[in-house]
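Asker: Below is a structure I'd like to ask you about.
The values are calculated or read from the model by the stated rules, or taken from the named source; none is laboratory data. Every value quoted in this text rests on a predicted model; they were computed, and no experiment measured them. No Cβ is skipped: glycine too gets one built from the backbone with ideal geometry, and neighbour counts run over all protein chains shown. Ligands, DNA and RNA are stripped out before the accessible areas are found, and what is left, the full protein with its side chains, is counted by its heavy atoms. Shrake-Rupley method; radii C 1.70, N 1.55, O 1.52, S 1.80 Å.
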Amino acid sequence: MSLAFSRLLQRSKYSNLRLTEIPPFRLACMNLRFSTFVSVLATSSAWIPTSKTIVSTTTPCQSPSLSFPPSRRYSDFSLKSTVAPEAEEVTSPALSPQGKPIADGHVVSSFKGGFVAIRVDDDIAEILAATPEVVDTTNLLPKDSTKSSLGGDLMGRQVVFENGHTGVVVTHRPPIAFVYTDMADVPVADIQGGVKVLDSLAKVDVDESRKAVDCFGRSLLTPGDITTSQKNILRPIFAPIPKISDISLINSPLLTGVTMFDALAPIGKGQNMLLVGHDIKDMRQYVCDILSVQAKQTKCIYASTSDNKAVVKILGDSGLSDDVVLVSSRESAGIDQTSMAAEATVTAATACAIAEALALEKGMDTLVIVDNIDQLKSLWDATTRVLVDVFGVDAVVKGDRDGGASSEMRAFFSSLIQRSAKYKEKKGGGSVTLLLLATIPKMVKTDEETVFSPDDFAESPLKVRERIDLLVKRNVPLTAATLRKIQIPVPTVNEGTRRLALQHIDDLISMSDGQIWLDEELEAKGRRPAMDFQRSVTRIGIGADTESRADAPAMRGVVEGLRLDLSQAGDMGGTDSASGASKKQARNALAWLLAMHQPSGASGARSLSESCAALLAASKGYLGDSIDNGVLAGTSEGETLMSELLEHVKTNAAEAMEAIDSTLDLTQDSREAIQKAIQTFFS
């Protein structure tokens with residue numbers, strides 16, 4: 001490999017990968033492009049079109065006209081978005097390109113609803129940006145071009161089509177760029193021909209007054225209010241993740257109002273957190289509990305990527321419609337699922353852009369709900385299919401073909417997940433907190449006595465097949481019950497789909513700051529929230545050498561021993577619990593669960609002081625007698641007990657409760673006052 005080509009590789013988007021991780025087709029393309037570049041450079045001094053050929057003589061702030069090859073040129077081509085006359089005033093900045101062309105391309109695939117795959121075939125600029133040492137390009141580039149504007153990854157760039165329509169690159173998998181456009185109503189057969197990729201990033205016009213916008217930031221409530229003015233902020237939809245130098249430590253809590261969440265998997269301002277579960281309706285209700293607490297002090301943005309009617313209804317029923325900015329995708333019949341997934345990706349990115357603008361420019365604390373992140377996986381799988389259809393299976397790495405997580409896919413998801421940040425004062429001092437919903441398929445009951453054969457595992461990994469062979473040799477029947485007991489996947493279609501979903505969730509977890517996992521089996525047993533303590537955690541503040549904390553100081557003083565008691569009680573399952581020690585552990589765990597029991601949308605969100613009072617009652621043994629009398633979490637008696645207890649404490653220790661909510665801390669005086677109120681309740 002030549003030194004020059006090595007430099008090209010080092011400066012490309014694959015610089016962080018081992019050579020063996022780069023798809024063979026991509027590596028061959030890079031080698032071919034480099035060879036072509038060198039040979040053309042050696043034979044011609046005019047191998048790049050002049051600036052006059054690429055852009056018109058308009059000033060940088062105007063929309064330049066572009067020049068297409070004669071066979072693809074339209075007579076009255078303009079960069080203005082083609083929209084209906086009556087809707088022209090609601091054109092978004094994202095659809096009004098202002099940049100200059102940096103690459104040519106042509107359409108290779110399109111989907112009903114506006115999603116288009118283009119092959120970028122004029123990528124000499126990318127090589128120039130990647131290898132400045134190869135040749136002095138001072139006189140070869142247009143005067144207004146810069147190396148930063150010619151970066152290899154085109155994600156977020158504006159794209160202009162021959163018919164005047166525009167779009168934004170949602171992901172770039174060289175040599176294909178995948179674009180979401182404003183051509184939702186254009187027949188697929190009419191989406192063809194050449195394209196121009198611009199150096200400008202698609203931006204959203206951020207206005208605090210808007211309560212509902214589409215994926216491009218256009219108002220869905222008052223169409224006439226989309227006018228870019230000095231009071232509004234422009235922010236790239238696909239802005240890069242924050243730099244380390246711009247962010248500070250996470251050290252203040254974003255309270256959820258759900259005691260179990262705040263105690264066992266707290267969220268800090270500037271953190272990203274996954275909310276994983278099987279029941280999206282239940283998850284949304286808990287999200288509304290969180291929003292009801294945070295909307296009073298935090299700018300909340302809700303990115304609805306699907307099922308918009310249900311989202312609008314639950315926000316309305318919760319009284320949150322006026323307190324939350326809704327960024328929603330369309331719901332139109334006949335749109336291809338791939339286009340819906342692309343729009344969902346832009347929707348989530350736009351919600352983040354709005355939050356970033358307010359955090360950076362106005363110092364606000366913001367909370368972004370992404371409901372849900374599943375659509376991004378659908379989009380990535382669709383782009384993989386396009387690459388395979390166009391170039392063959394060698395165009396993608398094995399991990400992508402098998403539904404796994406390649407380094408390329410991880411970078412795609414990280415570009416959204418890692419946009420959370422607590423900014424330094426010099427960058428505005430605000431914060432962007434992300435709560436991303438991710439769903440897993442429900443378990444489908446399989447006859448536990450159904451016996452499978454070794455042939456059913458022919459497509460399973462080698463280690464699984466080896467374990468199956470061992471079971472067969474020992475004459476152990478391959479029933480569903482046996483397989484689940486030793487954690488071997490049951491070979492059914494539903495189980496296979498669920499297994500892939502769980503594998504994807506594991507990949508997302510590795511990119512996030514924590515996760516709250518709602519378990520289907522625990523829900524069936526009556527736990528609310530159905531939180532799996534072993535799977536749920538926050539990774540902010542882990543380790544003795546960090547000053548970061550996601551939890552409130554008051555909460556730290558009342559949860560000591562909580563996770564240990566729950567873990568010990570969980571480990572007792574199936575063992576002899578007749579000993580006094582075991583009974584005490586079980587009793588402690590039941591008391592904690594009673595204190596934290598909180599159905600979604602029913603009991604409502606709790607204040608920090610209410611959560612602290614409930615946990616103090618459990619930790620100090622005040623709930624023990626009630627547990628012995630059968631007053632447990634999930635029973636009507638249990639709910640009545642906790643409701644009356646908290647009302648009593650708020651009345652008899654009002655000053656202490658107010659102090660906790662105002663300072664987020666629990667002083668010794670406040671603790672004693674609350675404990676005294678609890679004692680009088682049970683006396």
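Asker: Right, SER200: over 23 Å from HIS172 (Cα atoms) and of a type in the set (Gly, Ala, Ser) or not?
Answerer: Values: over 23 Å from HIS172 (Cα atoms): no; of a type in the set (Gly, Ala, Ser): yes.
No, not satisfied.
Residues are listed down the side, and each one gets a yes or a no for (1) among the hydroxyl-bearing types (Ser, Thr, Tyr); (2) touching a strand residue (DSSP E or B) at 6+ places or on another chain (Cβ under 7 Å); (3) within 22 Å of GLY217 (Cα to Cα):
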site	(1), (2), (3)
GLY277	no, yes, no
LYS281	no, no, no
ASP289	no, no, no
SER292	yes, no, no
LYS309	no, no, yes
ASP322	no, no, yes
VAL325	no, yes, yes
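Asker: With the checklist (1) in contact with a Leu (Cβ under 6 Å, 6 or more places away or on another chain); (2) over 24 Å from PHE413 (Cα atoms); (3) open to solvent by 20 Å² or more (accessible area, probe 1.4 Å) in hand, flag the one item LEU221 doesn't pass.
Answerer: Checking LEU221 against (1) in contact with a Leu (Cβ under 6 Å, 6 or more places away or on another chain); (2) over 24 Å from PHE413 (Cα atoms); (3) open to solvent by 20 Å² or more (accessible area, probe 1.4 Å), the one that fails is (1).
Asker: Here's something else I'd like to know. Please determine, by comparing only the residues of the stretch 422-474 that are among the acidic types (Asp, Glu) and in contact with a strand residue (DSSP E or B) (Cβ under 8 Å, 6 or more places away or on another chain), which one is nearest to LEU358 (Cα to Cα). Can you show your working first?
Answerer: Filtering the stretch 422-474 down to residues among the acidic types (Asp, Glu) leaves 425, 447-449, 455-456, 459, 466, 469.
Adding the requirement that they be in contact with a strand residue (DSSP E or B) (Cβ under 8 Å, 6 or more places away or on another chain) leaves 448-449.
Working: GLU448: 54, GLU449: 57 Å.
Among those that are among the acidic types (Asp, Glu) and in contact with a strand residue (DSSP E or B) (Cβ under 8 Å, 6 or more places away or on another chain), it is GLU448.
Residues are listed down the side, and each one gets a yes or a no for (1) of a type in the set (D, E, K, R); (2) open to solvent by less than 80 Å² (accessible area, probe 1.4 Å); (3) under 22 Å from the mean Cα position of the chain (by Cα); (4) over 30 Å from LYS584 (Cβ atoms):
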position: THR492; (1), (2), (3), (4): no, yes, no, yes
position: ASP506; (1), (2), (3), (4): yes, no, yes, yes
position: ILE509; (1), (2), (3), (4): no, yes, yes, yes
position: ASP513; (1), (2), (3), (4): yes, yes, yes, yes
position: GLU523; (1), (2), (3), (4): yes, yes, no, no
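Asker: Somewhere in the stretch 283-292, is a residue assigned to a helix (DSSP H, G or I), among the small types (Gly, Ala, Ser) and in contact with a helix residue (DSSP H, G or I) (Cβ under 8 Å, 6 or more places away or on another chain)? If you could, list the steps in order and put the result at the bottom.
Answerer: Initial filter on the stretch 283-292 (assigned to a helix (DSSP H, G or I)): 283-292.
Narrowing further to those that are among the small types (Gly, Ala, Ser): 292.
Then keep just the ones that are in contact with a helix residue (DSSP H, G or I) (Cβ under 8 Å, 6 or more places away or on another chain); that gives none.
Checked the stretch 283-292: no residue is assigned to a helix (DSSP H, G or I), among the small types (Gly, Ala, Ser) and in contact with a helix residue (DSSP H, G or I) (Cβ under 8 Å, 6 or more places away or on another chain).
Asker: Let me ask something additional. Output the number of the condition that GLY580 fails; it satisfies all remaining conditions of (1) modelled with pLDDT of 85 or more; (2) small (Gly, Ala, Ser); (3) open to solvent by 20 Å² or more (accessible area, probe 1.4 Å).
Answerer: Among (1) modelled with pLDDT of 85 or more; (2) small (Gly, Ala, Ser); (3) open to solvent by 20 Å² or more (accessible area, probe 1.4 Å), GLY580 violates only (1).
Asker: Okay, moving on. Collect the residues in the stretch 342-378 that are among the basic types (Lys, Arg) and either in contact with a His (Cβ under 9 Å, 6 or more places away or on another chain) or buried (at least 23 other Cβ atoms within 10 Å of the Cβ) (or both), keeping them in residue-number order.
Answerer: If the condition is that a residue be among the basic types (Lys, Arg) and either in contact with a His (Cβ under 9 Å, 6 or more places away or on another chain) or buried (at least 23 other Cβ atoms within 10 Å of the Cβ) (or both), then LYS377 is the only one that fits.
Asker: Those residues that are at pLDDT below 80 and either aliphatic (A, V, I, L, M) or outside any loop (DSSP other than H, G, I, E, B) (or both), I need them from the stretch 537-573; list them, please.
Answerer: Result: ILE542, ALA544, GLY570, ASP571, MET572.
Asker: Tell me whether the stretch 356-371 contains one or more residues that are part of a loop (DSSP other than H, G, I, E, B), touching a residue at least 12 places away in the same chain (Cβ under 8 Å) and of a type in the set (S, T, N, Q).
Answerer: The first filter runs over the stretch 356-371 and keeps only residues part of a loop (DSSP other than H, G, I, E, B), leaving 363-364.
Those still in the list that are touching a residue at least 12 places away in the same chain (Cβ under 8 Å) too: 363-364.
Now restrict to residues that are of a type in the set (S, T, N, Q): none.
No: the stretch 356-371 contains no residue that is part of a loop (DSSP other than H, G, I, E, B), touching a residue at least 12 places away in the same chain (Cβ under 8 Å) and of a type in the set (S, T, N, Q).
Asker: Could you check how many residues of the stretch 249-258 are hydroxyl-bearing (Ser, Thr, Tyr) and touching an Asp or Glu at 6+ places or on another chain (Cβ under 8 Å)?
Answerer: Narrowing the stretch 249-258 to residues hydroxyl-bearing (Ser, Thr, Tyr): 252, 256.
With touching an Asp or Glu at 6+ places or on another chain (Cβ under 8 Å) added as a condition, the list becomes 256.
Total satisfying the criteria: 1.
Asker: Here's another thing I want to ask about it. Tally the residues that are in a helix (DSSP H, G or I) and open to solvent by 40 Å² or more (accessible area, probe 1.4 Å), restricting the search to the stretch 655-672. Show your work before the answer.
Answerer: Just the residues of the stretch 655-672 that are in a helix (DSSP H, G or I), to begin with: 655-663, 668-672.
This time we only want the ones that are open to solvent by 40 Å² or more (accessible area, probe 1.4 Å), so: 655, 658, 661-663, 668-669, 671-672.
Residues in the stretch 655-672 being in a helix (DSSP H, G or I) and open to solvent by 40 Å² or more (accessible area, probe 1.4 Å): 9 in total.
Asker: A further question follows. Consider SER339 carefully, then state whether it is touching a Phe, Trp or Tyr at 6+ places or on another chain (Cβ under 8 Å) and either buried (at least 24 other Cβ atoms within 10 Å of the Cβ) or at pLDDT below 95 (or both).
Answerer: Numbers: touching a Phe, Trp or Tyr at 6+ places or on another chain (Cβ under 8 Å): yes; either buried (at least 24 other Cβ atoms within 10 Å of the Cβ) or at pLDDT below 95 (or both): yes.
Yes, satisfied.
Asker: Being exposed (fewer than 12 other Cβ atoms within 10 Å of the Cβ) and part of a strand (DSSP E or B) is the filter here; which residues of the stretch 429-454 pass it?
Answerer: If the condition is that a residue be exposed (fewer than 12 other Cβ atoms within 10 Å of the Cβ) and part of a strand (DSSP E or B), then VAL451 is the only one that fits.
Asker: Out of LYS422, LYS473, LYS426, LYS463, which single residue is surrounded by fewer than 13 Cβ atoms within 10 Å (Cβ to Cβ) and under 30 Å from ALA349 (Cα atoms)? If you could, list the steps in order and put the result at the bottom.
Answerer: On the way: LYS422 fails: surrounded by fewer than 13 Cβ atoms within 10 Å (Cβ to Cβ); LYS473 fails: under 30 Å from ALA349 (Cα atoms); LYS463 fails: under 30 Å from ALA349 (Cα atoms).
LYS426 is the lone residue from the list that is surrounded by fewer than 13 Cβ atoms within 10 Å (Cβ to Cβ) and under 30 Å from ALA349 (Cα atoms).
Asker: To continue, here is another question. When PHE238 is evaluated against the numbered criteria (1) at pLDDT below 95; (2) open to solvent by less than 60 Å² (accessible area, probe 1.4 Å), which criterion, by number, is the only one it fails?
Answerer: (1)
Asker: Could we say that PHE457 is open to solvent by 20 Å² or more (accessible area, probe 1.4 Å), more than 17 Å from ASN272 (Cα to Cα) and aromatic (Phe, Trp, Tyr) here? Write out each step before concluding.
Answerer: On the way: open to solvent by 20 Å² or more (accessible area, probe 1.4 Å): no; more than 17 Å from ASN272 (Cα to Cα): yes; aromatic (Phe, Trp, Tyr): yes.
No.
Asker: Since ASP394 meets every condition but one in (1) in a helix (DSSP H, G or I); (2) within 22 Å of the chain's Cα centre (by Cα), which condition does it not meet?
Answerer: Of everything listed in (1) in a helix (DSSP H, G or I); (2) within 22 Å of the chain's Cα centre (by Cα), ASP394 misses just condition (2).
Asker: Here's another thing I want to ask about it. Please verify whether SER536 is surrounded by fewer than 16 Cβ atoms within 10 Å (Cβ to Cβ) and within 18 Å of LEU434 (Cβ to Cβ), treating the condition exactly as stated. If you could, list the steps in order and put the result at the bottom.
Answerer: Working: surrounded by fewer than 16 Cβ atoms within 10 Å (Cβ to Cβ): no; within 18 Å of LEU434 (Cβ to Cβ): yes.
For SER536, the condition - surrounded by fewer than 16 Cβ atoms within 10 Å (Cβ to Cβ) and within 18 Å of LEU434 (Cβ to Cβ) - is not met.
Asker: When only residues in the stretch 307-336 that are on the phi > 0 side of the Ramachandran plot and touching a helix residue (DSSP H, G or I) at 6+ places or on another chain (Cβ under 8 Å) count, which is most open to solvent (accessible area, probe 1.4 Å)?
Answerer: Our first condition is that a residue be on the phi > 0 side of the Ramachandran plot; within the stretch 307-336, this holds for 307, 319, 334.
So of that shortlist, the ones also touching a helix residue (DSSP H, G or I) at 6+ places or on another chain (Cβ under 8 Å) come out as 307, 319.
Values: ASP307: 76, GLY319: 54 Å².
Step by step, filter the stretch 307-336, then rank; the result is ASP307.
Asker: For GLU610, indicate whether it is assigned to a helix (DSSP H, G or I) and within 26 Å of GLN294 (Cα to Cα).
Answerer: Values: assigned to a helix (DSSP H, G or I): yes; within 26 Å of GLN294 (Cα to Cα): yes.
Spelling it out, GLU610 is indeed assigned to a helix (DSSP H, G or I) and within 26 Å of GLN294 (Cα to Cα).
Asker: Shifting gears a bit: What is the number of the single condition among (1) at pLDDT below 95; (2) under 18 Å from the mean Cα position of the chain (by Cα); (3) of a type outside the set (Phe, Trp, Tyr) that VAL388 does not meet?
Answerer: Among (1) at pLDDT below 95; (2) under 18 Å from the mean Cα position of the chain (by Cα); (3) of a type outside the set (Phe, Trp, Tyr), VAL388 violates only (2).
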